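The values are calculated or read from the model by the stated rules, or taken from the named source; none is laboratory data. The model shown is predicted, which means the values in this text are computed figures rather than measured ones. Positions of Cβ are backbone-derived with ideal geometry, glycine not excepted, and every protein chain shown enters the neighbour counts.
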Amino acid sequence: MADTLFIILAVLTVASALLVVVNKNAVNAALGLLISLLGLAGLFVLLDAPLLAFVLLMVYAGAVVALFLFIIMLLDTTPGAAKPFSKMTLVATLIGAGLLFTGIYSLAHRAVLPAAPATLPVPTMKNYAEQLFTTYLLPVQVVGFMLLIAMLGVIVLSKKFDQTEGAK
Amino acid sequence: MSTELLKLVAGSNQWWALTPEITVACAALALLVLEIFLPKEQHRFIPHFAVVTLVMVLGSVAVTFEHAWLGEQLFGGLIKLSQLGQIARVFFLLSSLLVCFLATICLPRTRMPRVEFYHIVLVVTAALMLLAQSNHFVMFFVALETVTIGFYILVSYFRDNALTLEAGLKYLVLGALSSAIMLFGIVLIYGAVGRVEIDGVVHTGFEYGVVADFLRHNPHNFLATAGALLVLCGVAFKIGAFPFQIWIPDVYQGAPTPVTAFLAVSSKAAGFAVLLTLVLNVFAPLSAVLVPVLSVLAAATIIAGNLAALSQRNAKRLMGLSGVSHAGYLLMGVIAALSVPAAANAVWFYLFTYLLASMAVFGVMAHLAGADDTHQELDHYEKIARERPLLGAVLAVGLGSLAGIPPLAGFMGKLLIFVAAFQAHLYGLLAVAIGGVVLSIYYYFGWIKAAWFETWSLNPAGSEVSVRPVTVPSWIGRTVLTALALATVLLGFYQEPLTSWLMK
Amino acid sequence: MIALLNHAPLFGLILNNGDTGPVVPAYGLPAYLLLSAVLFALGFIGVLLRKNTLVIYMCLELMLLASTLALVAFSHFQGTLDGAVFVFFILTIAAAEVAVGLAIIVALFRRRHTVSVEELNHLKH
Amino acid sequence: MIGSNAQLLQLAIVIPLGAALVIALGLPKRFGTKLAGAAFTLPALIALWLWAQYPAEGGTGYHYLSSVDLGLGSFGINLKLGLNGIALPMFLLAAIVGLAAGLFALRSQAERLKTYLLLLLIMHGGLLGVFASVDIFFFYFFHELALIPTFIMVGIWGGRDRNYAAMKMTIYLTVGAMLSLIGLIAIYVKSGANSFDLIELKRAIAAQGLGAATQNNIFGVLMFGFGILVSLWPLHTWAPLGYGAAPSSTAMLHAGVLKKFGLYGLIQIALPLLPEGAAHWAWKLALLAAFGNVLVIGFVTMAQRDLKQMLGYSSVMHMGYCFLGIAALSTLGTGGVVLLMVAHGLSVALLFMLATSIHHRTHTFDLSEMGGLAQKTPVLAAFFVAATMASIGLPGFANFWGELTVFVALWNVSPWITAVAVAGVVVSAIYGLRAAARVFFGQPTEALQRVTAAHPPADLDWVERLPALILLAALLFFGFYPKALSQPVDQALTPASTLFRSINHHR
């Protein structure tokens, strides 16, 4: 059962990711990203991380992709006659293929992967919370500041001019 | 929440050790509070608050330089306090202070909000200090991304200028790309190292110490090596090493001048602080792979930076590309540090001299920039020496130091690195570096020439009126610029203050 | 792509040759890693290939997602929670990055009326 | 404990630099020129005092030693000052020429005189520092300190083509300085002394010795690095151009003193530390110098029409003799080079100064537009002819002893090269005397007559006469009493004779 699900989800994820890369239309690309996300969320569930799957869907599907779609609609960029690819195609494909090959090669040569321990800690909400608020409290605080400057940055970059103080 | 948990929090999180970072971050918040509560006509004092805070924190770090916790791991191993960390703190605080100074010159020319700028600078400063002291890849990545996102905003801050936004977008795309590559590297390392149990506590492949241990025992692990290389790619982007230097000229030109200075000095120094930690402590067992890769990178960086800078006429692009070549010399120092430990101090010495000289030059540039911040050509420097001898002199000292002309500080920096490289037997690289220095004399001298020689002719034939009005430096501006120039000259003659402090 | 995945069981079995548990999926850590590598490579190709900045940005997100997948897989198969916790941070950072990035793209579009990287060459070379 | 003479030596370097600093801080012009005058004079007095105090049996070691740690002690860099028998004459040369150039500059009509004097003072301080440094790092450092003002002065106060000349000088000399720096660093690293102190280096290298290949490589780097700085053919092209454009005081100091840095470095550092390297390169150096600097440049000099360019080329040519003396690899040759450096420094400074005086009166440097100036300015003519004769190397002037010693030393190595070198003297006599004749005798050209009608030329006033007298007096003094210089040099070179014997034995 799990194996079948894995294959289905993996194919779904990769295929939709391919859609993001090759599709001419930005809207379709965003939809591809969305489907890819769904596949990933499914894989997360397979990996015993349903909470992460939920967060992924919330943040990405709920916010990021929605934002993308919103912006695409807002900017109304017509999928013009221009080709969607630049002339760097060959280079890019080569590098990408190289990366792929590296990944497969490393796996095929059995890069020494650590074996699974006997007991797996259950990733419950409580476990995550404990980690986040003890060990990783400092990065959590830092991320808070990061979100603050991101918010301020978006405001600065989008606010109307005449209210700014330099104008007086 | 159980009491046990609270105890754990209290036990492993030594917040007081991070007082400088916390103070700076709180000051950033206070700026926003001040903006809300202060009456509008007093808003111009808000930047002063930021500057005063930075000065105070800088002073307190300098006073408590050798505190009791040096060498200790805090926050359960997220942070490691060290001598180099203290040096990095001083460096970033000083640099941000000067960036704030530049901002007080440049921001009033635009109609952009000001408080937010200082707020972001302060937050980025705190993150930079954490970055240099992090001992754990999660902390490292979070701090790095905070810095990066801050820079995305700062680079595109003058959004009424399309070129600035274009630079912002370029920095955004390439920065995000490098972050993604680096992240994948971190993940690979994490996966390769796995879990280690010491005294019943599980340690993961995020901790520098664990990774170093693992690599010492498995120097040929493919996943870990690939991960390390990917992480170094990300760092190479930060420092602008070849082939990740392509973003530099465009972004440096488009970014507001204070931000260009911030990028050139702090961002680059952060890259080298991280690189020194990673290469010397974490990835040192991979030196058989790293040394050739880094050597080729360093040589290519020096060549690419210098060749590209030769034909530049835009001052900001020139600073960017010449900065690339400086990154090359510094990389040479990092490689040398693998076999000659003193080279790490030489790298920091170089970074400090680079800070002083670059900030002096950017200070002059900030005074000369007109309404269009992206349009700063060398031709605009004509008549500067005659009309504003102070600016001309500071510019000459700064550029001279960058070019590594004795007796200025930059020469000492280069000398120490070259000596270290020689001791590390990096002869080929040294030859490339020497060639680079000679090339750099050409374009730095061209700039000095533009400011000093061309107009000082006895027969001012075809003299046209200087197109752009120069911002007259205030007394603060004069003081800061003079101090920078004097420090650059002084460090060339008398290095005791800095070296005694770096070599402890 | 699918052909590649079909070879995954070969890799997957490597880890499971001594398994005693009742239900162990045939697709182990290597399969997830392979999938992650493929996603990462696809995203990378997309970033270099596409001209529309919005799509480039999506491809960057794809690369981040590939990392999270590998992270969760490692975390699961090694029994350390740290990897999964890191995913929280990555998701937050990615969201912030997207917000800032899109703000810049919109601001630029207001001035230039284009989102194509080919037309973003006004900075002097 | 450092003696009072050691403090005087420190003071001699500090005075010009300190005066420059005070002027830079905004001293009014009136006081500025006075201060500058004092700062040019005092080091010369100190140098004379130190020379008089130098023990007759000075031996090989350094005197007036002092050491200051400036914060790089852990790298083995200390500001260690002192003079030995080779450094003493050079220090004296720097002080005398500096005094003459300074006095000349004080009364020159340069625009922004204060800045000009400031830069000249820095240059002077650097020059004194070069020859007083025992630490080879500071030896290099002071050289650069003197070099930078040179570029600036050429670029700002220079004559025709100053931009191009300044650029070309900067690039050539920076390359040369960089190469020399690498050579010095190589010595520092390879010696294992962990010190830039020349005394320490000598001890360390004497103890362990350097491999032949290492010596060859380092000497090669130093030879070309220093060679560019001294205008070794074919890397000399910056010199005539730069001197042609440089303001007179700058040209006096650079051609007279600063240029000797490379030769001094070869004698003081490269020869004693890298004897086998020297033996390996000696023949190549001799050939380059004899055929390049002496013959080729000699003929090029004959073809010059511009007085200042001609002086520039002739100084390149005379450097050839210095290289030949070094390539002779003998105590005699090396000692001769020291004498020749002092003599040439004095005479070329005098010539550059007088060339400017001529220009003030004729408003041209073009030889073909001059003539008959001797009738109106007999004193100037007398000085110029004397200086020309000195530079040719006629007996009675210091140059004679230098050249003679070099030729004798060369004769022991190769009579053929000696023949070429002596032929060079004839060439230099031809162009030198012809130039003197063109300027001062014969009939004035029409163009000149127009100029002299508009500005009737006066003879040398005391402002020009005083520096000229100082330089000429020194030339004559050393010409009639060379022992004053040769004695300390001889003593300093005593150990070198065994060294050279062993090299020559190997050859």
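Looking only at region A:1-51, which residues are more than 18 Å from C:Leu39 (Cα to Cα), touching a residue at least 40 places away in the same chain (Cβ under 8 Å) and at the interface with another protein chain (Cβ under 7 Å from one of its Cβ atoms)? Residues satisfying the conditions are A:Ala2, A:Ala26, A:Asp48, A:Ala49. Region D:372-483 holds helices (runs of 4 or more DSSP H) entirely within its bounds, and those carrying 2 or more residues that are surrounded by 14 or more Cβ atoms within 10 Å (Cβ to Cβ) and touching a Phe, Trp or Tyr at 6+ places or on another chain (Cβ under 9 Å) map to D:373-376, D:378-392, D:398-413, D:415-440, D:462-480. The residues of region B:321-373 that are farther than 30 Å from B:Ile105 by Cα, β-branched (Val, Ile, Thr) and part of a helix (DSSP H, G or I), listed by number, are B:Val334, B:Ile335, B:Val347.
One line per residue, one yes/no per condition, for (1) in contact (Cβ under 8 Å) with a residue 60 or more places away in the chain; (2) within 24 Å of B:Leu399 (Cβ to Cβ); (3) surrounded by fewer than 24 Cβ atoms within 10 Å (Cβ to Cβ):
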position: B:Thr277; (1), (2), (3): yes, no, no
position: B:Val291; (1), (2), (3): no, no, yes
position: B:Gly305; (1), (2), (3): yes, yes, no
position: B:Ala315; (1), (2), (3): yes, yes, no
position: B:His326; (1), (2), (3): yes, yes, no
position: B:Leu331; (1), (2), (3): yes, yes, no
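Only residues that are over 25 Å from B:Arg317 (Cβ atoms), of a type in the set (D, E, K, R) and either buried (at least 24 other Cβ atoms within 10 Å of the Cβ) or facing chain A (nearest Cβ under 8 Å) (or both) were counted in region C:68-125, giving 2.
Filter region D:214-253 for residues that are outside any helix (DSSP H, G or I) and over 16 Å from the mean Cα position of the chain (by Cα) and give the result. Before you say what the answer is, go through the steps one by one.
Let us first name the residues in region D:214-253 that are outside any helix (DSSP H, G or I), namely D:231-237, D:246-247.
Hits for region D:214-253 are D:Trp233, D:Pro234, D:Leu235, D:Thr237, D:Pro247.
Taking region D:374-417 as the range and being among the polar types (S, T, N, Q), closer than 19 Å to D:Gly442 by Cβ and touching a residue at least 24 places away in the same chain (Cβ under 8 Å) as the test, the residues that pass are D:Thr377, D:Thr388.
Can you confirm whether D:Ala6 is among the aliphatic types (A, V, I, L, M), in a helix (DSSP H, G or I) and at pLDDT below 85? Can you show your working first?
Values: among the aliphatic types (A, V, I, L, M): yes; in a helix (DSSP H, G or I): yes; at pLDDT below 85: yes.
Yes: the conditions hold for D:Ala6.
Assess whether D:Ala94 counts as being modelled with pLDDT under 85, surrounded by 24 or more Cβ atoms within 10 Å (Cβ to Cβ) and not charged (D, E, K, R). No.
Residue-wise test of (1) within 30 Å of B:Arg109 (Cα to Cα); (2) in contact (Cβ under 8 Å) with a residue 40 or more places away in the chain; (3) of a type in the set (Lys, Arg).
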position: B:Asn221; (1), (2), (3): no, no, no
position: B:Pro258; (1), (2), (3): yes, yes, no
position: B:Lys268; (1), (2), (3): yes, yes, yes
position: B:Ala309; (1), (2), (3): yes, yes, no
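For B:Ile246, the conditions (1) within 14 Å of chain A (Cβ to nearest Cβ); (2) part of a helix (DSSP H, G or I); (3) more than 23 Å from C:Leu29 (Cα to Cα) are fulfilled apart from (2). Of the residues making up region B:122-148, just one is within 9 Å of chain A (Cβ to nearest Cβ) and of a type in the set (Phe, Trp, Tyr), namely B:Phe141.
The one condition from (1) within 23 Å of C:Asn121 (Cα to Cα); (2) in a helix (DSSP H, G or I) that B:Phe141 does not meet is (1). Filter region B:71-99 down to residues that are within 18 Å of B:Ala212 (Cα to Cα) and part of a helix (DSSP H, G or I) and give me whichever is modelled with the lowest pLDDT. Filtering first and then ranking leaves B:Gly76.
Residue under question is B:Glu197, and the condition is that it be under 23 Å from B:Leu78 (Cα atoms) and modelled with pLDDT under 90; does it hold?
Spelling it out, B:Glu197 is indeed under 23 Å from B:Leu78 (Cα atoms) and modelled with pLDDT under 90.
Taking (1) at pLDDT 90 or above; (2) buried (at least 24 other Cβ atoms within 10 Å of the Cβ); (3) closer than 30 Å to B:Thr104 by Cα in turn, B:Gly271 satisfies each apart from (2).
Could you go through region B:101-120 and let me know if any residue there is outside any helix (DSSP H, G or I), under 20 Å from the mean Cα position of the chain (by Cα) and either facing chain A (nearest Cβ under 10 Å) or buried (at least 24 other Cβ atoms within 10 Å of the Cβ) (or both). Break it down stepwise before answering.
Pass one, region B:101-120, residues outside any helix (DSSP H, G or I): B:110-114.
Then keep just the ones that are under 20 Å from the mean Cα position of the chain (by Cα); that gives none.
The answer is no, given that none of the residues of region B:101-120 is outside any helix (DSSP H, G or I), under 20 Å from the mean Cα position of the chain (by Cα) and either facing chain A (nearest Cβ under 10 Å) or buried (at least 24 other Cβ atoms within 10 Å of the Cβ) (or both).
Taking the criterion of being buried (at least 22 other Cβ atoms within 10 Å of the Cβ) and either more than 7 Å from chain C (Cβ to nearest Cβ) or acidic (Asp, Glu) (or both), the only residue of region A:52-64 that qualifies is A:Tyr60.
Scanning region D:284-336 for residues that are closer than 24 Å to D:Asp161 by Cβ and either aliphatic (A, V, I, L, M) or free of Cβ contacts under 8 Å to residues at least 60 places away in the same chain (or both) yields D:Val296, D:Ile297, D:Val300, D:Met302, D:Ala303, D:Leu307, D:Met310, D:Leu311, D:Val316, D:Met317, D:Met319.
All of D:Ser347, D:Ser368, D:Ser357 fail the test of being farther than 18 Å from D:Ala100 by Cα and in contact (Cβ under 8 Å) with a residue 60 or more places away in the chain, apart from D:Ser368.
Kindly establish whether B:Tyr443 is aromatic (Phe, Trp, Tyr), under 30 Å from B:Ala273 (Cα atoms) and modelled with pLDDT of 90 or more. Here the answer is no, as B:Tyr443 does not meet what is asked. Within region B:29-68, being in contact (Cβ under 8 Å) with a residue 60 or more places away in the chain and either exposed (fewer than 12 other Cβ atoms within 10 Å of the Cβ) or under 20 Å from the mean Cα position of the chain (by Cα) (or both) holds for B:Ala50, B:Leu54, B:Glu66. Condition test on D:Ala100, is it touching a residue at least 40 places away in the same chain (Cβ under 8 Å), within 24 Å of the chain's Cα centre (by Cα), assigned to a helix (DSSP H, G or I) and closer than 23 Å to D:Gly265 by Cα? When the stated conditions are applied, D:Ala100 does not pass them. The selection criterion, being without any contact (Cβ under 8 Å) to a residue 24 or more places away in the chain and either out of contact with any Gly (no Cβ under 8 Å at 6 or more places or on another chain) or assigned to a helix (DSSP H, G or I) (or both), does not hold for D:Met178.
Select from region D:58-69 the residues that are modelled with pLDDT of 75 or more and in a loop (DSSP other than H, G, I, E, B) and list them in ascending order.
Here is the first cut: in region D:58-69, the residues modelled with pLDDT of 75 or more are D:60-69.
D:Thr60, D:Gly61, D:Tyr62, D:Asp69, listed by residue number.
Total residues in region B:196-217 satisfying the condition of being touching a helix residue (DSSP H, G or I) at 6+ places or on another chain (Cβ under 7 Å), at the interface with another protein chain (Cβ under 8 Å from one of its Cβ atoms) and either surrounded by fewer than 21 Cβ atoms within 10 Å (Cβ to Cβ) or part of a helix (DSSP H, G or I) (or both): the figure is 0.
Filtered by the rule that a residue be more than 8 Å from every other protein chain (Cβ to nearest Cβ) and either on the phi > 0 side of the Ramachandran plot or modelled with pLDDT under 80 (or both), region A:127-168 gives A:Lys160, A:Asp162, A:Gln163, A:Lys168.
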